Structures are given as structure tokens and as C-alpha cells.
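The values are calculated or read from the model by the stated rules, or taken from the named source; none is laboratory data. Quantities reported herein were computed from a predicted structural model and do not represent experimental measurements. All Cβ positions, glycine included, derive from the backbone under ideal geometry; neighbour counts span all protein chains shown.
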Amino acid sequence: MAHRYSRRHILTVAAALMATTVAPGVALARPDAPVTITLPAPTGPNPVGVTQVHLTDTSRIDPWDPARQRELIVQIWYPADAADTSPLAAWPTPGGLEELRYSLLQSGVAPDLWTLAPGHSRTDARAATGRYPLLLNSPGLGDTTGLNTAQAEDLASHGYIVAAINHTHEAFAVRFPDGRTERGVVPLNSSLDVLSNQLIPIRVADTSFVLDQLTDAATDPAAARPGLPEHLAEALDPAKVAMFGHSLGGSTAAQAMHDDRRIAAGVNLDGPMLGSVASNGLDKPLLLLAADTSPWFTAPGWEPYWANNTGLKLPLRIAGTRHMSLTDGQIIVTALADAGLFPSDMKDIAVGPIDPNRSVGLQRSYLLTYFDAVFGRSTGNPIEIIGRLAQPEMLPHH
């Protein structure tokens, strides 16, 4: 079975449908100036900083490049010092922008027709004082970090540190400090067997290594790796760690929770349950947040009664969404459709009919509420607290 739910695959399908449904000689609108797309502002009280950290795992050879040790670029969002006036960071990273341009071009949207405004995070800003829980993040198959910025910025604005991992040679394009760009070599149509037995173990090893490095920095800030923004090492709380991810990143989060006892809770955003966790289950809380048309509803781990699972399980779906809705694609594709650059019916295939601000707002609200519950920032158990939100678009997944 091929994996059919990557960002680029969905946009390629949309492109093929456009070719068969748009009448010959009928062109989509071409604006006088590029359409500028802006992320919704974070909703929390804290300003947000963002940085990128280059890490080398000297204990591992890169499985895709045996001539090198395993190298990673980790993008970190965090609560920032309100007095810091560092410039706003570009959204997304250069590698993420390259991926986005390529994907949209496959759908007939030329790069000169649109542009992205900066995000709401300041580059390498001083971290705010205090100690904040760490949320690890893993992107979808073939994706570069920065395409879930709306979620990451909002969590950081509410007092979380979000560390998103570029899985080198699987991510579309990752730029390193020495100027080289490492490109993805993993086919998007890789079988579920390859995903389970090859990609997931690599991703989980990446995750544990990143957690090791950030824990070391938090434990001994004076010895923290050069380049970490001021006070960020002191702000990390390695005793409070959770993980979330989209698509294969959600699969990675579940397996990493299973394998690494330091990860106390997780969120799977519309990803399959792969690896040993699919049969073994978990003894930790897991929020399963699916798109309305998710193919995983009857698969192991997503079914109502997950064999061998003893941990809290919260399975929900968001009405009117699609797989890409659980990324910044919700905002980007809808804005392009509103500008006449992307047919509205094809937009619904890619990100669903839901209002984009409503979709992003629901995702942010449920992620924040869940993490606040598991880390004791709110009163009551996670099921009760999530239940209090009671939004009409949030439905049981089965």
C-alpha cells in the first residue's frame, strides 16, 4: 500500500484534477501583484522567538549518506523576552519555502503569484525567564519544518518550547550552516512496510537524540551548545516533555512515546499508527486529532478499542477538514483560492470547506488545552477538560 497522504501527493492530485476539469482556454486569475499570505497571530500573552540549531549525532552514521555522521537541523520556537526587538523570522524556513513552491507549482500556481509574510516570531530573540515544558515536533513524510508554524507559534506564546526536527534526507530540503542543502531521497509512495520498518526507527532515533541534547543543555546551561539564544537553555524544563506531529510525524510521536519514557504525552495529527506501538498500545495519554476524511479510522490504534492500550486515548476529528488542514496549508491554499489562483473545488480536496481561521483556531485550542491538562496547568483530567470545549466541529473519529 502506497502512502497517499503527503502534502505534495495531495497537491499533485489536485493538479491532475484541475487539468481535467478546467476548460481549455480558461485561465485562472492572475493578480496585478503577488498575493501576500499571512499567518494568524498567536493568541497567548508571550512574544515568540525562533531559532535553528545544528546537531550532530557522533554515535550514528547517516543511513542515507554513509560518508557522514547523522546531522540534524532543529527549529525551536519559545517564549521570548518582551524587550527583544530582533527581526521577525521568515515563514517558513528556506527549505520549507522551496518545498512549498515546488508543491504549488505542480498545481499550476507559479511562485511569482504569491508570497508569504514573515511569521510572528523574532529570530534568535532572548528567551523569557522561567521554565517551560518542551514539545517535540515531527513533520509529515517528506516535509521540512516550518509548515506547522501556526501551531508552534501559538503554543510558544502560551509558555511552551516547541522543537521541530528536520529528518535529514527525508525532508524535502534542509539547509545547513555551511551552505549546503541536503535533499530528500525517500519516495513519497513508499510502502507502509518501509515507513514502519525503516523510516519510523530513524525518526525515533532522531527524536531521542534531540531530546538528549536539549536535556544536556537544560541541565548545564553554561555548557550549552554555542548558538543557542540567550537564556533558552535555562528556560527548558526536561522534566516536562511531550510530542506532536502531523501525518508520519504523528506516527513518529506515538512510537517515540512508546520507546522513550521521557516523553509523557503525545498528539497524532491524522497519521497512521505504525511500528510496534500499533500492536503494543501505550500507557500514556494520546490525543488522536484527525481530518474529517481520514483513512485511518478503522486501522490499528485508531479503532475505538485499541488492543493492549492502557493509557488515556482521546480520538477526535474536525468536521470539514482534510489531511493538509492540520498544517499551514489550511491558510495558504485557502488564500490562493480566495485570490482566484486555485479553483475552489480543488481547494476543498486539499484542505476542505471549513473556514481557515476556524480550522486553525480549533487546532490551536485543542492542542493547548490538551497539553495544559497533561502538564497540570488546568484543573481536572484531560477527558473532562477537553470535553468542556464542546465545539460543534469536533466529533468522535469513528
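Here are some notes:
- Any hit, region 225-235, residues being modelled with pLDDT under 95 and either closer than 23 Å to E170 by Cα or among the basic types (K, R) (or both): yes
- Residue within region 101-121 that is modelled with pLDDT of 95 or more, over 18 Å from I331 (Cα atoms) and among the polar types (S, T, N, Q) present: no
- Whichever residue in region 374-387 is surrounded by 16 or more Cβ atoms within 10 Å (Cβ to Cβ) and either closer than 22 Å to P304 by Cα or in contact with a Cys (Cβ under 6 Å, 6 or more places away or on another chain) (or both) and, among such residues, is modelled with the highest pLDDT: V374
- Enumeration of residues in region 237-277 that are without any contact (Cβ under 8 Å) to a residue 40 or more places away in the chain and hydrophobic (A, V, I, L, M, F, W, C): A239, M257, M273, V277
- The set of residues in region 279-302 that are touching a residue at least 60 places away in the same chain (Cβ under 8 Å) and not in a loop (DSSP other than H, G, I, E, B) comprises L287, L288, L289, A290, A291.
- The numbered conditions (1) out of contact with any Pro (no Cβ under 8 Å at 6 or more places or on another chain); (2) in contact (Cβ under 8 Å) with a residue 60 or more places away in the chain; (3) under 24 Å from L336 (Cβ atoms) are all true for D57 except (3).
- Exactly one residue out of G250, G227 is surrounded by fewer than 24 Cβ atoms within 10 Å (Cβ to Cβ) and small (G, A, S), and it is G227.
- Filtered by the rule that a residue be surrounded by fewer than 24 Cβ atoms within 10 Å (Cβ to Cβ), touching a strand residue (DSSP E or B) at 6+ places or on another chain (Cβ under 6 Å) and part of a loop (DSSP other than H, G, I, E, B), region 121-146 gives D124, A128, R131.
- With respect to the conditions (1) aliphatic (A, V, I, L, M); (2) surrounded by 14 or more Cβ atoms within 10 Å (Cβ to Cβ); (3) modelled with pLDDT under 95, A390 lacks only one, and its number is (2).
- Members of region 142-154 that are touching a residue at least 60 places away in the same chain (Cβ under 8 Å) and touching a Gly at 6+ places or on another chain (Cβ under 8 Å): G142, D143, T145, G146, L147, T149, E153, D154
- Of all residues making up region 336-349, the number that are touching a Ser or Thr at 6+ places or on another chain (Cβ under 8 Å) and not charged (D, E, K, R): 4
- For region 33-113, the strands (runs of 3 or more DSSP E) that sit wholly inside it and include 3 or more residues that are surrounded by 22 or more Cβ atoms within 10 Å (Cβ to Cβ) are 48-62, 65-79.
- Candidates in region 149-185 are the residues that are buried (at least 18 other Cβ atoms within 10 Å of the Cβ), of a type outside the set (G, A, S) and out of contact with any helix residue (DSSP H, G or I) (no Cβ under 7 Å at 6 or more places or on another chain); of these, the one that is farthest from D65 (Cα to Cα) is E153.
- Residue check for T369: surrounded by 14 or more Cβ atoms within 10 Å (Cβ to Cβ) and closer than 30 Å to G108 by Cα: no
- Contact map, region 382-398: first residue touching a residue at least 24 places away in the same chain (Cβ under 8 Å), second residue surrounded by fewer than 12 Cβ atoms within 10 Å (Cβ to Cβ), Cβ cut-off under 7 Å, separation 6 or more or different chains; pairs are H398/P304.
- Residue within region 188-196 that is in contact with a Lys or Arg (Cβ under 9 Å, 6 or more places away or on another chain), among the aliphatic types (A, V, I, L, M) and surrounded by 15 or more Cβ atoms within 10 Å (Cβ to Cβ) present: yes
- Among the residues of region 303-323, some residue qualifies, meaning at least one is under 17 Å from the mean Cα position of the chain (by Cα), assigned to a helix (DSSP H, G or I), modelled with pLDDT of 95 or more and buried (at least 23 other Cβ atoms within 10 Å of the Cβ).
- Count of residues meeting criterion [more than 21 Å from D348 (Cβ to Cβ) and of a type in the set (A, V, I, L, M, F, W, C)] in region 86-113: 6
- Among residues of region 364-379 that are closer than 16 Å to V162 by Cβ, those with a Cβ under 8 angstrom from a residue that is assigned to a helix (DSSP H, G or I) and among the aromatic types (F, W, Y), sequence gap 6+ or separate chain, pair up as R377/F371.
- The residues in region 358-398 that are in a helix (DSSP H, G or I) and over 21 Å from F244 (Cα atoms) can be counted, and the count is 1.
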